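Structure first, then comments.
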Amino acid sequence: MRPILMKGHERPLTFLRYNRDGDMLFSCAKDHTPTLWYADNGERHGTYRGHNGAVWCCDVSRDSSRLITGSADQTAKLWDVKTGQQLFSFKFSSPARSVDFSVGDKLAVITTDPFMERTSAIHVKRIAEDPQDQVSDSVLVIENPEGRKRINRAVWGPLNQTIVSGGEDAVLRIWDAETGKLLKETDKEVGHKQTITSLCKSADDSHFLTGSLDKTAKLWDMRTLALIKTYTSGVPVNAVSMSPLLDHVVIGGGQDASAVTTTDHRAGNFEAKFYDKILQEEIGGVKGHFGPINALAFNPDGRSFSSGGEDGYVRLHHFDSDYFNIRI
Amino acid sequence: MAELDIDTRAGKLGIDWSQVNLDSIQLPPGENFGIESDDEGVYHDDQLEFDTGFGNIIVVDNLPVVPKTKFEKLENVLKKIYSQLGVIKEKGLWMPVDPNTGMTLGYCFIEFNTPQEAQNAKEKTHGYKLDKSHIFAVNMFDDFDRLMNVKEEWEAPQTKPYVPGENLQKWLTDEKARDQLVTRSGPDTEVFWNDARQKNTELYWTESYVQWSPLGTYLVTLHKQGAAVWGGADTFTRLMRYQHNMVKLVDFSPGEKYLVTYHSQEPNNPRDASKVEIKVFDVRTGRMMRDFKGSADEFSIGGPGGVAGASWPVFRWAGGKDDKYFAKLSKNTISVYETETFGLIDKKSIKVDNVVDVCWSPTDSILSLFVPEQGGGNQPAKVALVQIPSKVELRQKNLFSVSDCKMYWQSSGEYLAVKVDRYTKTKKSTYSGFELFRIKERDIPIEVLELDNKNDKIIAFAWEPKGHRFAVIHGDQPRPDVSFYTMKTTQHGGRVTKLGTLKAKQANALFWSPTGKYIILAGLKNFNGQLEFFNVDELETMATTEHFMATDIEWDPTGRYVATAVTSVHEMENGFTIWSFNGKLLYRNLKDHFFQLAWRPRPPSFLSPEKEEEIAKNLKKYSKKYELEDQDVSLLLSEQDREKRKALKEEWEKWVKQWKSLQEEEKLARQSLRDGEVSDEEEEEDEAKEVKEVEFEDVIEVTEEVVQE
């Protein structure tokens, strides 16, 4: 498996997202410019210019026409995927951390960080079909859901009825997407022990995977919030992803960037580790980054995946045929 | 709790204070309201000190009875004696006088400034001979009540019925002859059986620091109030406690009869030396045999490294199981104590000017000592062997232009290697050589060994346990050489001979197997945990591997396994790995905040060397049984494993089915959310599944060719 190195960002990667057809890969980094790549050969297609701060997260609509990005410049922006044109900008009074389109792409959930006097918040925006009609009013705002703690990721639950959020207080919460009422939360016993850094939904919205700095990734039932599986890694987890094709999960991370030793790059363990989703056993690892892995994404066809690191590289891996015959 | 808080809490619980009759509440009797404190041990361990205010007064008995005329003279004598030991308070000395005769009564009271001074004065002058007939009997004033209450008549102590103790060495009778190891990580201390297949923990405490006794019978833990030893047949129970507040370090005698505990206290005034207290306990009875107090300076000479204040162990025990002697090095003297009386041998220390290091032979009561050069090289440095208790010098060697010496005893006490660092002629740098003493031979011959390249730096040295060989790492970093030497060969008899040199190894530490023959050349620290498992008999490498960032390496006591560990000095990948003797990775155990790993030592084998040899010869016969057992177990385990996996898969299938049905139910709802677009994801997924399951085996082409001969 020879990776394709995609060097287009000047700062650490933050997020990776494939479109539904699996031919496009969107990458976000701290360098203000989300970038679009051909998911096949790793060529750069174009960039989305307009943000004035680190871009934390993005999502692409089902028909690959719209892109939404959340940035530390306190805005979330809508883009025309094809032209790279900015369609709309939602302004907040604190950095936007995570964005997610609903089923049908008519709604988007955006989370904002605690900043100055402001607490963290979950905003639900209606996305108009015609960008001319777009308004910046929120359909729903859940204020202060985790107090002063940051929410790192919020996504839609099945049928847009719920919103699932996780962040610095290590608790996963399910909110009613209509009323904003708290429906469920994980208890301390089974839940994560430290900051939840990443969250990845299964293709059918039935379950999701979370990664945490407590060196574990956990698999949850999206409707009941029941813990299904736990995968232990030796290092803090920054990114998680699930194979849509095989029963594999991949988790990545590594020693905190500020604590990386200068002696040997192996010390940090900057490896994308593959686990058997059902047996929770480690299958193998993909090395290559020389900084912690911050983002992971599977191609929807399950035949390639890409990883983005603190080192500023995106590495695109097309699996060899032996990968599909792994037996343990 | 503030009143407001109480009110709000009461409100929450639905209690109306006005309705509550406080007098009707009956609290359970007892000071603790019937609630047992869970830190019971703490209270009982702490001996409360009652401050009567008389703690600084001593009573001196057996004074001469003198008339009034001599009163003042005696008083002056006493003042002279006691003001050396502490500050006597003003009017602090009171000698009662018989009002009828005007004669003194033969005793006096002395009040010091502090209780410590009083204690000190008591210890130093009890038994002081003023003259032949007047030997002081000194007591603390506070002790008098207790002393007065001693019954006049002697009561025979009741004989307790004999309770057979547990077999403290039961772990040795383990059917699979497994070894145990203790680990400390985070707040847990755990004891494991070394077993790749069953990694179950035996039990755990939550304590600070642990250490095995040399023969593995006890595990000692350190607490605020002192040390405790644990042991037992099946589980670890506390066998004995040794009271020593804020104990910092412990050390066992080699036969585990005695335990030495150490405590040092930082002085209030930073210019003073810190105070050190060392106690020697009898392990089995828990009785304190002797304690030593003093400033850290008295204990700080000799020995490399150690803790601040004193070098540990302060007391070095003579080899062998008898635990007869222990020695302490201090300035210009070596104090050797014997355990029968816990006093100095012949009541005298051995005077050796400027001695800096002493080492016991591991098996005999022979002490080796090193004295560095004096007078700018006029007086040579000296290494000497001294027999204890006779204090006869068995052998000595003078060495010239020496900068430093280090002594290494071979584990069965047959050889002593002294690494000598000498100055070169210019005195700018040093080079090293070895002086090898053959202790068991007549007249103790000494051989001088120099490395092939004299200028090589010596990085590590290690004797083969119970063997005649030793290994040296020498040369320059980062790729030093490793050489092996033997003290005995068939051709050369009693000559040291080189067996071979391995060039350019990534190693900086040597770890011999406890049974000899095998050695690990380890590259710790800058080498990131390179490990080379080496067979010295065949002079061949068995395996080269790596435990990344490894900080600690320890062989199990039987030489079958090796544990390598990454301790909490590194942040990442803390935990330990177990290898077979030939470098095969057996299993890993990752634990955050990993502090310590220690194998449980085994007592020496009872088998005679001949018997051992016989077993080694017929190893095949013996090992058959174990191989069969192994096979059975691994079959069973793989069966269990399969079962477990099957169960997991089934459970997963169940979930997925449930999800699928929900997915099906919501299909229409989803379609409407997508403005009627047909959701086709499910079908795609099914297709993908099928692709995965089908396996093809196609014969593409078959051709026949004649092979030419």
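Coordinate-derived values only; no laboratory data. Worth saying up front: this structure is predicted, and the values here are computed from it rather than measured. For neighbour counting, all protein chains shown are included, and Cβ atoms are generated from backbone atoms with ideal geometry for every residue, glycine included.
Whose amide H sits under 5 Å from the amide H of B:Asn62, counting only residues 5 or more places off or on another chain, with H placed in the peptide plane?
When sequence neighbours closer than 5 places are left aside, the close amide H contacts are B:Ala137.
Of A:Cys28, B:Leu502, A:Phe15, which is farthest towards the positive pole of the protein assembly as shown's charge dipole, taken about the Cα centre with +1 and -1 on the beta-carbons of Lys, Arg and Asp, Glu respectively?
B:Leu502
In nm, to one decimal, how far is the B:Asp592 label point from the B:Asp143 one, both placed 7 Å along Cα→Cβ?
Once both label points are built, they end up 5.2 nm from each other.
Label points 7 Å out from Cα along the Cβ direction at B:Lys488 and A:Gln85: separation in nm?
9.4
Taking the Cα centre of the protein assembly as shown as origin, work out the dipole magnitude from +1 charges on Lys and Arg Cβ and -1 charges on Asp and Glu Cβ, in debye rounded to 20.
Taking the Cα centre of the protein assembly as shown as origin, the dipole is about 5080 debye.
Under 20 Å Cα-Cα from B:Lys660, which lysines qualify once same-chain neighbours fewer than 8 residues away are excluded?
A:Lys201, A:Lys229, A:Lys277, B:Lys649, B:Lys689, B:Lys692
Per the Kirkwood definition applied to all pairs of different Cα atoms, how many angstroms is the hydrodynamic radius of chain B?
32.7
Reachable lysines from B:Lys625, Cα under 17 Å, same-chain residues fewer than 8 places away excluded?
Here the lysines satisfying the reach criterion relative to B:Lys625 are B:Lys176, B:Lys617.
How much length is gained if the chain between B:Val65 and B:Leu172 is pulled fully straight, taking 0.36 nm per residue apart and subtracting their Cα-Cα distance, in nm to one decimal?
Net length gain for the segment: 31.9 nm.
For a Förster distance of 35 Å, can you work out the FRET efficiency between the beta-carbons of B:Lys12 and B:Gln658, rounded to the nearest 0.05?
0.30
What is the dipole size for chain B, taken about its Cα centre, with +1 at each Lys and Arg Cβ and -1 at each Asp and Glu Cβ, in debye to the nearest 20?
Its charge dipole is roughly 5860 debye.
In whole Hz and in residue order, list the ³J(HN,Hα) couplings for the range B:539-548 that follow from phi through the Karplus curve 6.51 cos²θ - 1.76 cosθ + 1.60, θ = phi - 60°; x for Gly and Pro.
6, 9, 7, 8, 6, 10, 8, 8, 10, 4
Which one, B:Thr159, B:Phe141, B:Leu172, projects farthest toward the positive side of the charge dipole computed for the range B:132-176 from Cβ point charges (K/R +1, D/E -1)?
B:Leu172
Which far-off residues, 5 or more places away or on another chain, put their amide H under 5 Å from the one on A:Ser98, with H placed in the peptide plane?
Correct list: A:Thr111.
Using 1/(1 + (r/R0)^6) with R0 = 45 angstrom and r between the beta carbons of B:Ser390 and B:Lys79, what's the FRET efficiency to the nearest 0.05?
Step by step, r from the Cβ atoms, then E = 0.50.
If I model the protein assembly as shown as equal point scatterers sitting on the Cα atoms and use the Debye formula, what is log10 I(q)/I(0) at q = 0.04, 0.07, 0.09 Å⁻¹?
Taken in order of the listed q values, log10 I(q)/I(0) reads -0.34, -0.90, -1.16.
For a label point 7 Å from the Cα of B:Leu607 along Cα→C-beta, name the residues of the range B:532-568 whose backbone N is under 15 Å from it.
Taking a point 7 Å out along Cα→Cβ of B:Leu607, the residues of the range B:532-568 whose backbone N falls under 15 Å are B:557-560.
In whole Hz and in residue order, list the ³J(HN,Hα) couplings for the range B:157-163 that follow from phi through the Karplus curve 6.51 cos²θ - 1.76 cosθ + 1.60, θ = phi - 60°; x for Gly and Pro.
Each residue's phi maps through the Karplus curve to give x, 6, 7, 7, x, 6, 10 Hz.
Over the range A:27-75, what lengths in whole Å, largest first, do the semi-axes of the equivalent ellipsoid take, defined as the square roots of 5 times the eigenvalues of the alpha-carbon gyration tensor?
19, 13, 8
With the contact rule set at Cα under 8 Å and sequence spacing of 6 or more, what percent relative contact order holds for chain B?
Relative contact order here is 6 percent.
Starting from the Cα-Cα distance between A:Glu129 and A:Glu10, subtract it from 0.36 nm times their residue separation and give me the gain in nm to one decimal.
Residue separation times 0.36 nm, minus the Cα-Cα distance, leaves 39.4 nm.
Towards the positive end of the charge dipole of the protein assembly as shown, with charges on Cβ (+1 Lys, Arg; -1 Asp, Glu), say which of A:Ser136, B:Thr430, B:Met487 has the farthest Cα.
Sorting the options by dipole projection puts first B:Thr430.
Give me the inter-chain shielding for A:154-165: mean count of other chain Cβ atoms within 10 Å, whole number please.
The mean count of partner-chain Cβ atoms within 10 Å per residue comes to 1.
Dipole of the range B:456-579, Cα-centred, from +1 at each Lys and Arg C-beta and -1 at each Asp and Glu C-beta, to the nearest 20 debye?
Dipole about the Cα centre, nearest 20: 600 debye.
Of all trypsin sites (Lys or Arg not before Pro) in the range B:103-158, which ones are in loop regions per DSSP and have a Cβ with at most 15 other Cβ atoms within 10 Å?
B:Lys132, B:Lys151
What pairs from B:Lys79/B:Lys279; B:Lys454/B:Lys488; B:Lys122/B:Lys160; A:Lys7/A:Lys77; B:Lys503/B:Lys611; B:Lys279/B:Lys348 go past 28 Å between their alpha carbons?
B:Lys79/B:Lys279; B:Lys122/B:Lys160; B:Lys503/B:Lys611
Take chain A, mark every one of the GluC sites (Glu not before Pro) that falls in a DSSP loop and has at most 16 other Cβ within 10 Å, then report the longest stretch left between them, sites excluded.
Counting only loop sites that pass the neighbour cut-off, the longest clear stretch is A:190-280.
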